[in-house]
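Q: Sending over a structure as structure tokens; questions will come in a sec.
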Amino acid sequence: MKDAGATPTDRTVHLKDYTPFGWKVDSVDLTFVLAPHATRVKSRIRFTPTPEAPAQDFFLHGEDLSLISAAIDGTPILPEQTGAGLTCPVPDRPFLWEAEVEIAPARNTALEGLYMSNGMYCTQCEAEGFRKITFYPDRPDVMSIFTVRIDSDLPVLLSNGNPRAQVPGHAIWHDPWPKPAYLFALVAGDLRALSDTFTTRSGRDIELNLWVRPGDEGKCDFGMEALKRSMDWDERIYGREYDLDIFNIVAVDDFNMGAMENKGLNIFNSAAVLASPETATDANFERIEAIIAHEYFHNWTGNRITCRDWFQLCLKEGLTVFRDAQFTADMRSEPVKRITDVIDLRARQFREDNGPLAHPVRPESFQEINNFYTATVYEKGAELIGMLKRLVGDVAYARALDLYFDRHDGQACTIEDWLKVFEDTTGRDLSQFKRWYSQAGTPRLDVTEEWENGTYALTFHQHTPPTPGQPDKLPQVIPVTLGLLGPDGTEVQPSVLLEVTEAEQRFTFPGLSARPIPSILRGFSAPVILRREVDNAERAFLLAHDSDPFNRWEAGRALAKDALIRMITDGAAPDGAFIAALRNVSTDETLDPAFRALVLALPSEDDLAQTLHDTGIIPDPQAIWSAREAMRDSMAAEMEQVLADLYDAHQVPGAFRPDADAAAARSLTNGALMLLSRRDDGARARAQFASADNMTQQIAALSALLSVDKADDALARFATQWADDRLVMDKWFMLQVAFAAPQNAARVAERLAGHPAFDRRNPNRFRAVFGALAGHAAGFHRADGAGYNLLADQLIALDDLNPQTTARMCAAFQSWRRYDADRQQMIREALSRIAAKPGLSRDTDEMVSRILEG
Ligand code: B3K
Ligand code: ZN
């Protein structure tokens, strides 16, 4: 094995070094005797040499394990151990490996491997956590059949697959589907289930359980319904049926990310699955539905077909994000889903792609793979699938996917395998498309136009800026969906797909009676930055007339940005024409209220900072903050009556329902409430807070009161009402930082970190406070560096406990080179202070170095 003998702090793994493992694992039998400080794990693993693999030493990964005993074919052995694993001589024929190790789940605050959360045992093995449970070839291309016995007095004992025995004191689980170790899971605790059944289209009854801690039983209904909708959707749309007798989901309070797709035993951050009308917002419901779907869809895209190595992570993640987005679009509104996905893509992925952390969708090297579960791998990875589908068409896409499932079921695959099914299905050469996987950075697409004798021409010029380690880029294939509108707003050229493959390329449209107005990159058909000289009259025209909802929203967004940038750079007054255009859209009752709410929301501070930076201006976070405030004041003043009418007209009567229509109406009324509070001193918000019978309305009212600094009473009442609800209290922590005035944000975060209910060990709580600080651009970038210093202190303290969450949150500093010399200097000092911490984790070390050096 490549990393045999490497020390944990010095290992860069390269895609080009991939070599297959020299043994096949025929079966794995594990026995767990659970105890918080001394869990015993016995393993019996059958290995068979694979003669076709290159010769290599036998090496098993293992970290933080106390080896009690090991034997080969019953003969005790003394393997040679390093911090990364062990090695020993093995016979050149099939053999049985047996080992017993001891681990201490109660001391595992990293939340990777086997750990404890509120008295419950649970696991997180992706990417490389299984090696903290027992010695094993912990790599995704080693797939095997697992049988697991759990000995414990706890009432609920779960693992992957189907149950074989469940009696007081122990349980046995058998998973008939070969899987890599990263999909292993174990849960044990005093849990309650909401149970249900799903009948597959071939008529098999599947037992479904959503397991929660006592007290959370009332928050399971929505998750269960979402699961059944996901199972049905994957059968209908992708022809994929579930393949075990039972599907378990467990909610865990302490979890590093959203959820995990372990075979037959998905483990969820409780924030990503528990919901009731009283405790969860519309946004929470939508996110929960998407994550349940995402993890369920992994059963085929990830589990039945997995990744050969971790460089191929986007093979399962990009595809599964794409599938969950299709699902959400089907369940809710397709245009609204697309617009919100693009907002998120620009906020997180474009930021990553345009800074020191830029990396290809398929990275070529890493030190710590957990640092590559990024917006680029996930969200840009999903965009690549969307482009592929656009390029080959829906029918060919469906045929290619069928071939992928037929050809690769049970295998650990690569991006080459994935592209090959498209090539074989369509006959198309995808070698240029493949550059999307290897070239980092967001392509810039400059467009110029000509109009002569009834012919309209568009010339595209593509260029991708340098990124760390990649100074020069080749042209990529960019699918550009285009429509042309006539002067009266009718469509003279319905949507067509242009394939831009050259550095420069021209397309002509003859036979037009008048110069058309182009609607370019409809539906955001490629993840690029489109640049074109365009005036505000044309933007207003598209906002009023474009038949493509995405570009309609995009035109409004461009108007908003232009107005705000003029306020920031020239001290201009808020643009009356922009506000008039907003008034027209927001009162157009033919439009989806959710779409109107999106048009009313201003571009984020970070978006404006990046836009300024792209035009060569150093962004001043305080000036950006003030411009948005002033714009909101003007919107509220000039649209007061319109907003009041919207607020009244779209109230949703009756009991709370989390469906898309009701959520859309609430997003519009609550968007209006936010602005109206600037005019009525918070009167409406106070009334809504007092009468709210659901969290969406309560949080919207509280946020509106916070935004006008009138929330003291409401905050106190909220804290009393929800003191015992962890997830709701996370919102209480988060909102106070998010709505603090810029000069106060760091101070509020620091005060909250001293609150008795603050718990650094709980990632949700830590992120509630410090994720909110990092997201508060003007507060985080306060001129005296208080935001930087506080976050650095907190990350230094967290690193000993939880390297994964610490490393992730270092990304708050990634855009540092945009800012002025003083801020850059302060950020460099904050990062250097983190880097100098004795015993810094490999995770954090890699992130800080990349940010500083990239
Ligand atoms: N596959 C997991 C993420 C694992 C993250 C490991 N650091 C969740 C998901 O993408 O579905
Ligand atoms: Zn995933």
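Q: Please list, in order along the range 499-508, the HN-Hα scalar couplings obtained from phi with the Karplus expression 6.51 cos²θ - 1.76 cosθ + 1.60 (θ = phi - 60°), rounded to whole Hz, x for Gly and Pro.
A: 9, 8, 10, 9, 4, 9, 8, 10, 10, 10
Q: If you don't mind, another one. Given LEU315, THR805, VAL212, which one lies farthest toward the positive end of the charge dipole of the chain, if we put +1 on the Cβ of every Lys and Arg and -1 on the Cβ of every Asp and Glu?
A: Towards the positive end, the residue furthest out is THR805.
Q: Moving on to the next point. Calculate how many DSSP beta bridges within the range 1-190 are antiparallel, expressed in % of all such bridges and rounded to the nearest 5.
A: 90
Q: Mind jotting down the distance between the C-alpha centroids of the range 730-799 and the range 249-284, whole Å?
A: The range 249-284 and the range 730-799 have Cα centres separated by 23 Å.
Q: Still on this structure, please answer the following. In the range 533-620, what percent of the accessible surface is made up of carbon and sulfur (1.4 Å probe, ligands and nucleic acids excluded)?
A: In the range 533-620, the share of accessible area belonging to carbon and sulfur is 54 percent.
Q: Further question: Given labels modelled 7 Å from the Cα in the Cβ direction, how far is it in nm from ASN118 to ARG532?
A: Here the modelled spin labels are 5.2 nm apart.
Q: If you rank ARG760, ARG338, ARG236 by how much accessible surface each has, with a 1.4 Å probe, what is the order from largest down?
A: ARG236, ARG760, ARG338
Q: Could you tell me the calculated FRET efficiency between ALA283 and ARG833, based on Cβ-Cβ distance and R0 = 30 angstrom, to the nearest 0.05?
A: After rounding to 0.05, the efficiency reads 0.30.
Q: Report relative contact order for the range 1-190 in percent, whole number only (criteria: Cα-Cα under 8 Å, sequence separation at least 6).
A: 22
Q: Here's something else I'd like to know. Please compute the Cα-Cα pair-distance distribution of the range 1-190 with 5 Å bins starting at 0, giving whole percents from short to long.
A: 1, 8, 16, 22, 21, 16, 10, 5, 2, 0
Q: So if the hydrodynamic radius of the range 771-854 is defined as the Kirkwood radius over C-alpha pairs, what does Stokes-Einstein give as its diffusion coefficient at 37 °C and 0.692 mPa s, in µm² per second?
A: Once the numbers are plugged in, D ends up at 262 µm²/s.
Q: Calculate the spin-label point distance for LEU852 paired with ASN584, positioning each point 7 Å from the Cα along the beta-carbon direction, and give it in nanometres.
A: The modelled label-to-label distance comes out at 5.4 nm.
Q: Further question: Grab the Cα-Cα distance for ALA38 and ASP800, subtract it from 0.36 nm times how many residues apart they are, and report the gain in nm with one decimal.
A: 272.2 nm
Q: Averaged per residue, what accessible area in Å² does the chain show with a 1.4 Å probe, protein chains only?
A: Per residue, the chain has 37 Å² of solvent-accessible surface.
Q: Around LEU191, which amide H atoms from residues at least 5 apart in sequence, or from another chain, sit under 5 Å from its own amide H, with H modelled in the peptide plane?
A: Here VAL156 satisfy the definition.
Q: State, as an integer percentage, the relative contact order of the chain based on alpha-carbon contacts under 8 Å between residues 6 or more apart.
A: Over the chain, the number comes to 8 percent.
Q: Also, I was wondering about something else. Counting Lys and Arg as +1 and Asp and Glu as -1, each charge on the Cβ, what is the dipole of the chain about the Cα centre in debye, to the nearest 20?
A: 600
Q: With respect to the cross-link table entries LYS219/LYS710; LYS337/LYS420; LYS42/LYS316; LYS16/LYS420, which display a Cα-Cα separation exceeding 25 Å?
A: LYS219/LYS710; LYS337/LYS420; LYS42/LYS316
Q: How large a share of the accessible area of the range 736-804, in percent, is made up of carbon and sulfur atoms when the probe is 1.4 Å and the other protein chains stay in place?
A: 48
Q: Quantify, in whole percent, the carbon and sulfur part of the accessible surface of the range 87-139 (1.4 Å probe; protein heavy atoms only).
A: 47
Q: Based on the Cβ-Cβ distance from ILE77 to ASP190, what FRET efficiency comes out when R0 is 45 Å, to the nearest 0.05?
A: Computed FRET efficiency for ILE77 and ASP190: 0.70.
Q: Compactness ratio of the range 453-609: Cα Rg over 2.2 N^0.38 Å, N = residue count?
A: Against the compact-globule rule of thumb, the ratio is 1.14.
Q: Taking 0.36 nm per intervening residue step and subtracting the Cα-Cα distance, what contour gain separates ASP245 from VAL395 on full extension?
A: Fully extending the segment from ASP245 to VAL395 adds 50.8 nm.
Q: Order the peptides 837-846, 771-780, 614-623 from the highest to the lowest mean number of other Cβ atoms within 10 Å of their residues.
A: Highest mean packing first, the order is 771-780, 837-846, 614-623.
Q: Averaged over all directions, how much area does the convex hull of the C-alpha atoms of the range 423-500 cover when projected, in nm²?
A: Mean orientational projected area (the range 423-500, Cα hull): 7.4 nm².
Q: Sticking with this structure for a sec: Which shape class applies to the range 814-854: rounded if a/c is under 1.5, otherwise prolate when a/b exceeds b/c and oblate if not, where a ≥ b ≥ c are the square roots of the Cα gyration tensor eigenvalues?
A: Judged from the Cα gyration tensor, the range 814-854 comes out oblate (a/c at least 1.5, b/c at or above a/b).
Q: Tell me, in nm to one decimal, what length is gained between ALA104 and ASP713 on full extension, where the rule is 0.36 nm per residue of separation less the Cα-Cα distance?
A: My answer for the length gained is 214.8 nm.
Q: Along Cα→Cβ, 7 Å out, is where each label goes; now give me the distance between the ones at ALA329 and ASP820 in nm to one decimal.
A: Result for the modelled spin labels: 4.4 nm.
Q: Another question, if that's okay. Please say if the chain is rounded, prolate or oblate, where rounded means a/c under 1.5 for a ≥ b ≥ c the square roots of the C-alpha gyration tensor eigenvalues, and otherwise the choice is prolate for a/b larger than b/c and oblate otherwise?
A: Judged from the Cα gyration tensor, the chain comes out prolate (a/c at least 1.5, a/b above b/c).
Q: Using θ = phi - 60° and the Karplus relation 6.51 cos²θ - 1.76 cosθ + 1.60, list the HN-Hα couplings for the range 229-242 in order, rounded to whole Hz, with x at every Gly or Pro.
A: Running phi through 6.51 cos²θ - 1.76 cosθ + 1.60 with θ = phi - 60° gives 4, 5, 5, 5, 4, 5, 5, 6, 8, 10, x, 9, 10, 6 Hz.
Q: Just from its helices, what would the mean residue ellipticity at 222 nm be for the chain, if runs of 4 or more DSSP H residues each count -39500 (n - 2.57) and the sum is divided by every residue, rounded to the nearest 500 deg cm²/dmol?
A: -12000 deg cm²/dmol
Q: Also: Taking 22 Å as R0, compute the FRET efficiency from the Cβ-Cβ separation of ASP26 and GLN411 and round it to 0.05.
A: So, using R0 = 22 Å, E works out to roughly 0.85.
Q: Another question, then. Could you give me the ³J(HN,Hα) list for the range 14-30, computed from phi with Karplus coefficients 6.51, -1.76, 1.60 and θ = phi - 60°, whole Hz, x at Gly and Pro?
A: Values per residue, Gly and Pro as x: 10, 4, 5, 8, 4, 9, x, 6, x, 9, 9, 9, 6, 7, 10, 10, 10 Hz.
Q: Relative contact order for the range 723-854: what percent, with Cα pairs under 8 Å and sequence separation of 6 or more?
A: That works out to 21 percent.
Q: Counting DSSP beta bridges with both partners in the chain, what percentage is antiparallel, nearest 5?
A: 80
Q: Something else now. Checking the a/c ratio against 1.5 first, then a/b against b/c, what shape does the Cα gyration tensor give for the range 370-424?
A: Oblate is the answer for the range 370-424, as a/c is 1.5 or above yet b/c matches or exceeds a/b.
Q: For the range 695-768, report the % of Cα-Cα distances exceeding 20 Å.
A: Here the long-distance tail beyond 20 Å is 25 percent of all Cα pairs in the range 695-768.
Q: Take the alpha-carbon centre of the range 599-618, take the same for the range 182-226, and report the distance between them in whole Å.
A: Computed from Cα coordinates, the inter-centre distance equals 43 Å.
The values are calculated or read from the model by the stated rules, or taken from the named source; none is laboratory data. On a predicted model such as this, the values are computed, not experimentally measured, just so you know. Methodologically, a virtual Cβ is constructed for each residue, glycine included, from the backbone with ideal geometry; neighbour enumeration extends over all protein chains shown. Heavy atoms of the whole protein, side chains included, go into the accessibility calculation; ligands, DNA and RNA do not. Shrake-Rupley method; radii C 1.70, N 1.55, O 1.52, S 1.80 Å.
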